[in-house]
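The values are calculated or read from the model by the stated rules, or taken from the named source; none is laboratory data. Everything quoted here is computed from the prediction, not taken from an experiment. Cβ sites come from the backbone with ideal geometry, for glycine too, and all protein chains shown count toward neighbours. The protein model used for the area step is the full one, side chains on, heavy atoms only, and it has no ligands, DNA or RNA in it. Shrake-Rupley method; radii C 1.70, N 1.55, O 1.52, S 1.80 Å.
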Amino acid sequence: MLRAIILTLLVISTLTSGSPVKSKRNGLRKFPDTFRFGTATASYQVEGAWNVDGKTENIWDRLSHTKPREGGEIGIVMSAGWIEPESEEHAEAANDALQFDLGQYAHPIFSENGDWPQVMKDYISAKSAAQGFYRSRLPQFTAEEVALIKGSSDFFGLNHYTTTIAYRNESLDGLHPSPSYPDDMNTGQYQPSNWVGSYPGTTWLKVVPWGFRKLLNKIREEYGNPPVYITENGCATGVGLMDDNRVAYYKAYLASMMDAMDEGCDVQLYTAWSLMDNFEWYFGYDDRFGLYEVDYNVEERTRTPRKSAYFYKELLRTRTLDPSYEPDMSIPMEIDIGH
C-alpha cells in the first residue's frame, strides 16, 4: 500500500550489511548484530491532517515542514508486490508488469543507465502513435535530468505485502480504456483462489512469502544490490488480540527475507507495519494491521498489545527468528531497558 507519510520508529543500532546466522538448534536464525529493526505507522492515518477539525501541530508535523539537517541519509520508498508469471510463456508479461509497477520509480534512480524502463518507453510510444498522438504520452527525460536523478537515493526503501500472477493473451484486447495505464501495460494479474488470505475478510492480501524473496533478489540483480530498507511489511487481521495469522505471516516473511540475505541481498533494516491499528485508506478501520489493537469504541482509544507484539518484542530482544516461539501473554508488556 502506498503511504505518503511514514513515521518510522527504529530500534537503533549501528548500520552495516551482513548475513543471518543459522543455528543448528530448532531452526533458529540469528540476525547480524548490526541489523536494524523498527515499527512503522503514519501520523496522518492515526491523527488526520495537521490543520483539520481543530487538530494542532505535533512533532511530526513540525519535522515534515522543516528543512532536514545535513549529514543524514535521503532515500525513496516504493511499494511493490512480486509479480510471478503464470507459466514460462508469460515470463515477459510478468517482467513488463514489474517494470511498469516498480521499475517506473526504481529504474531512473537505481539502474546503471537511469531513465524510464525501456519497455515503458517502447510500449507507450507505440500506443501513443496508434492513438494519434504526435509524440509519446510518456514524458522524456533530458540527459541532464537522467544524470540528476540517477543515484540520487542513499537506500532502496521497500513496502511489500503480497504477490500476484501475471499473464498476457487475447482476452486483454479491448479490456481496458484506451489510453490508460493498464492498457499501456497490457498485462493481466490475479491471485489464485487457493492462496491463503491473511484473514477471512481480506480481498487482496494473500500470504505468499516466497514472493518476498524473489522480489529482493530481483532488486539485487537489476539495480546493483543497493542497501534495502524494508519500510513496511505486515498483514491485516480482524478484531482480537490472538492474531496467530499475523505471527505466522511475520515468521514466514522474515524467513524469506533472511533467505534473500543469505543469497547476497543487502537488506539492512526491517520495519513492521504497523505499530497500531489505523485508518487503512479504502478499507477504513476494517483491516487491522497493528501490533497493538486500538479500541475505537471508547474515547480513550485504548491500545492493547496483541500476540504479535509479544512475538516482535522477543525478536528484537534476541535478534533471533525462532519459528517455534510462543509468547506468554499473561506477562504484562513492558519496556526492556537496553533493548
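For the range 297-339, a tally of residues being more than 28 Å from the chain's Cα centre (by Cα), surrounded by 10 or more Cβ atoms within 10 Å (Cβ to Cβ) and polar (S, T, N, Q) returns 0. Restricting to the range 273-301, give me the number of residues that are of a type in the set (Phe, Trp, Tyr), within 15 Å of GLY201 (Cβ to Cβ) and touching a residue at least 40 places away in the same chain (Cβ under 8 Å). So the answer is 2. Scanning the range 187-229 for residues that are polar (S, T, N, Q), over 14 Å from TYR161 (Cβ atoms) and open to solvent by 50 Å² or more (accessible area, probe 1.4 Å) returns GLN189, SER193, ASN194, ASN225.
Across the range 257-271, not a single residue is classified as at pLDDT 95 or above, part of a loop (DSSP other than H, G, I, E, B) and of a type in the set (A, V, I, L, M).
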